[in-house]
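For reference, the structure discussed in these notes is given below.
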Amino acid sequence: MEWRDEGIILGTRKHGETSAVLEVMTRAHGRHLGLVRGGRSRKQQPVLQAGNRVELTWRARLDEHMGTFQAEPIELNAARLIDSAIAVYALQTLAAHLRLLPERDPHAALYETLAILIDHLNEAEAVGELVVRFELLVLEELGFGLDLSECAATGTVEELTYVSPKSGRAVSRSAGEPWRDKLFALPPFLQRGARQGADLKAIEDAFRLSSFFFARHVYEPRGIDVPDARGGLLMALRKFYAAQAISHGDTAA
Amino acid sequence: MSKRIAGPEIERLIQLLAKVPGLGPRSARRAALHLIKKKEQLLAPLAAAMGEAVDKVRVCSTCGNVDTSDPCMICTDPRRDPTTIIVVEDVSDLWALERAGAMNARFHVLGGTLSPLDGIGPDQLTIKQLVTRIAEGGVSEVILAVNATVEGQTTAHYLTDQLSGFDIKVTRLAHGVPVGGELDYLDEGTLSAALKSRTVF
């Protein structure tokens, strides 16, 4: 068995003294693991870092074997990202979400989104919004997508400001008003036709929203915990926005 | 089934030696034969040294280093600067920095890095012990000497968050061109990191 594909590295695990088990998200073969012989060498280690885009050749005698990878670098993103706390936490969060998918199950849309996201992980003001959109896409690919296109109660597409925790569907301002305490706020950047960027409150609302549905549909049934990196990402984003607010205050003064 | 060429004691010695890093079954066989040939000069002292190590080696409850005393020699050395702690992933990193002899500071061994793929979270590392050490006071700088890998740097960022409440300086090792490194052979990531952290010459 042999195939060639492009992939983004999600993580590596030491194997023996010289090899590594590589976990990649590929375009056509989904999340895939394979052994890289000599993967712990000085030459290979910089290539086999999470976030790097590589050209992969996978070989195995039988399809069900783990097989071996040969990885050639296409884009070495890791060195660009490791200085930023937001970028590394986001990268680990994305990888943790992708680990929820079954192995070798192709998700081309997630791969493309992941590639775009990694290109923008250095832009701190965009990361929160991008990660939330990615989380909603992962939920959708797992079969638990939210429907934020129209009001669950009235069918209107205007003024969608809430999300029902029960159905995962959007609710308009007027229909949701009596139950506002029980509904999630739909952050403005996730509303239909939204053009404005996300502020910290909108990001926190969005994280709360996706957390709830991840916990209900994925973490609780599988008995797993929320990835630590996600908490770290939120904390790093709070620090970033706080620093930004101080610098804006200084400029205004 | 292959024929046995030696008694079970020798076979067991070979099997155990083959588990040592750097040795495979073939080299373990050679090493075992060499030890047996030099029974009095090498095998007996080695066995005695190993027995003594088994009895005496322990992990330092302060820094996580391995030594025959607890606290270890590094932690009890009065000539070391107690205000600086170098945080390393593993004891091998501590030994590497000690070989370099560049700083006369104290250490803290984390016992690995945060690695979701290996199921290693903050509770599996000695992060709480480090925070307790800092909270006890007397430390002014923590140097994060973790590997320049994504896992290593995630751990470094996590540690920085954990230590943000203390009035201490948190620094990390520089990333860039190694001594003897030729630019032509370096990966793009290292080159861009080196350019980003360039210094006035």
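For the stretch A:44-78, applying the loop criterion from DSSP together with a ceiling of 10 other beta carbons within 10 Å to the GluC sites (Glu not before Pro) yields A:E64. Any idea how far the Cα center of the stretch A:147-197 sits from the one of the stretch A:1-34, in Å? So the separation of the two Cα centres works out to 40 Å. Projecting the alpha carbon convex hull of the stretch A:193-253 along each direction and taking the average yields 5.5 nm². Solvent exposure of the stretch B:35-121 amounts to 57 Å² per residue of accessible area, where only protein heavy atoms count and the probe is 1.4 Å. The alpha-carbon positions of the protein assembly as shown define a convex hull whose volume is 226 Å³ per residue. May I ask for log10 I(q)/I(0) of the stretch A:1-56 at q = 0.26, 0.30 Å⁻¹, from a Debye sum over the Cα atoms as equal point scatterers with solvent left out? Taken in order of the listed q values, log10 I(q)/I(0) reads -1.05, -1.27. A Förster distance of 35 Å, applied to the separation of the beta-carbon atoms of A:A28 and B:L183, puts the FRET efficiency at 0.45.
The listed peptides A:128-135, B:96-103, A:42-49, ordered by packing as a protection proxy, come out as A:128-135, A:42-49, B:96-103 (highest mean of other Cβ atoms within 10 Å first). Note on the stretch B:1-80 and the stretch A:111-140: Cα centroid distance 49 Å, given to the nearest whole angstrom. List every DSSP H helix in chain A whose Cα atoms extend 18 Å or more along the helix's own long axis and whose mean Kyte-Doolittle hydropathy is at least -1.0. Helices meeting the span and hydropathy rule in chain A are A:85-98, A:124-141, A:200-214, A:228-252. Extension gain for A:L200 to A:Y219 (0.36 nm times residue separation, less C-alpha to C-alpha distance): 4.3 nm. Considering only B:T155, B:T132, B:T68, the mean-square fluctuation computed in a Gaussian network model of chain B, springs between alpha carbons under 10 angstrom, is largest for B:T132. Dividing the convex hull volume of the alpha carbon atoms of the stretch A:160-225 by its residue count gives 95 Å³ per residue. Per-residue shielding of A:234-240, expressed as the average number of other chain Cβ atoms within 10 Å of the residue Cβ, stands at 1. Between A and B, roughly 2200 Å² of accessible area is buried in total, ligands, DNA and RNA not counted and the probe set to 1.4 Å. For the stretch A:72-170, the pair-distance distribution built from all alpha carbon pairs, in bins 5 Å wide starting at 0, is 2, 11, 20, 18, 16, 15, 9, 5, 2, 1, 0 percent. Counting only other chain Cβ atoms within 10 Å of each residue's Cβ, the peptide B:146-156 averages 6. The label point for B:V57 and the one for B:K19, both projected 7 Å from the Cα toward the Cβ, are 1.3 nm apart.
Here's the list of aspartates and glutamates a cross-link from A:K201 could span, going by alpha-carbon distance under 16 Å and ignoring same-chain residues fewer than 8 apart: A:E125, A:E129.
For chain A, relative contact order (Cα pairs under 8 Å, six or more residues apart, normalised by length) works out to 14 percent.
For the segment A:35-48, counting C-beta atoms of other chains within 10 Å of every residue's C-beta and taking the mean gives 1. One quarter of the convex hull surface built on the alpha carbon atoms of chain A amounts to 16.2 nm², the projected area averaged over directions. If I take all pairs of Cα atoms in the stretch A:132-245, what percentage of them are more than 16 Å from each other? Of the Cα pairs, 62 percent sit more than 16 Å apart. When the listed pairs A:K43/B:K196; A:K14/A:K43; B:K19/B:K56; A:K182/A:K239 are checked against a 20 Å cut-off, the alpha-carbon distance exceeds it for A:K43/B:K196; B:K19/B:K56; A:K182/A:K239. In the elastic network of chain B, a GNM with C-alpha springs shorter than 10 Å, the most mobile of B:V179, B:V139, B:V66 is B:V179. In whole angstrom, the stretch A:187-228 maps to an equivalent ellipsoid with semi-axes of 26, 11, 6, each derived as √(5λ) from the alpha carbon gyration tensor and ordered largest first. Computed in the context of the full set of protein chains, the accessible area of the stretch A:203-253 at 1.4 Å probe radius has 58% of its extent on carbon or sulfur.
Percent of C-alpha pairs per 5 Å bin in the stretch B:1-130, short distances first: 2, 9, 13, 15, 13, 13, 13, 11, 8, 3, 1, 0, 0. The packing ranking, built from the mean of other Cβ atoms within 10 Å per residue, places the peptides B:29-38, B:49-58 in the order B:29-38, B:49-58, highest first.
Kirkwood hydrodynamic radius computed over the stretch B:57-201 comes to 16.4 Å, based on all pairs of distinct alpha carbons.
The listed peptides A:160-166, A:88-94, ordered by packing as a protection proxy, come out as A:88-94, A:160-166 (highest mean of other Cβ atoms within 10 Å first). Gain on full extension, evaluated as 0.36 nm per residue between A:A108 and A:M1 minus their Cα-Cα distance, stands at 36.4 nm.
The values are calculated or read from the model by the stated rules, or taken from the named source; none is laboratory data. Keep in mind the model is a prediction, meaning the values are calculated, not measured. So basically every Cβ, Gly included, is an ideal-geometry build from the backbone, and we count neighbours across all protein chains shown. For the accessible areas, the whole protein counts, side chains as well, though only heavy atoms, and no ligand, DNA or RNA atoms are used. Shrake-Rupley method; radii C 1.70, N 1.55, O 1.52, S 1.80 Å.
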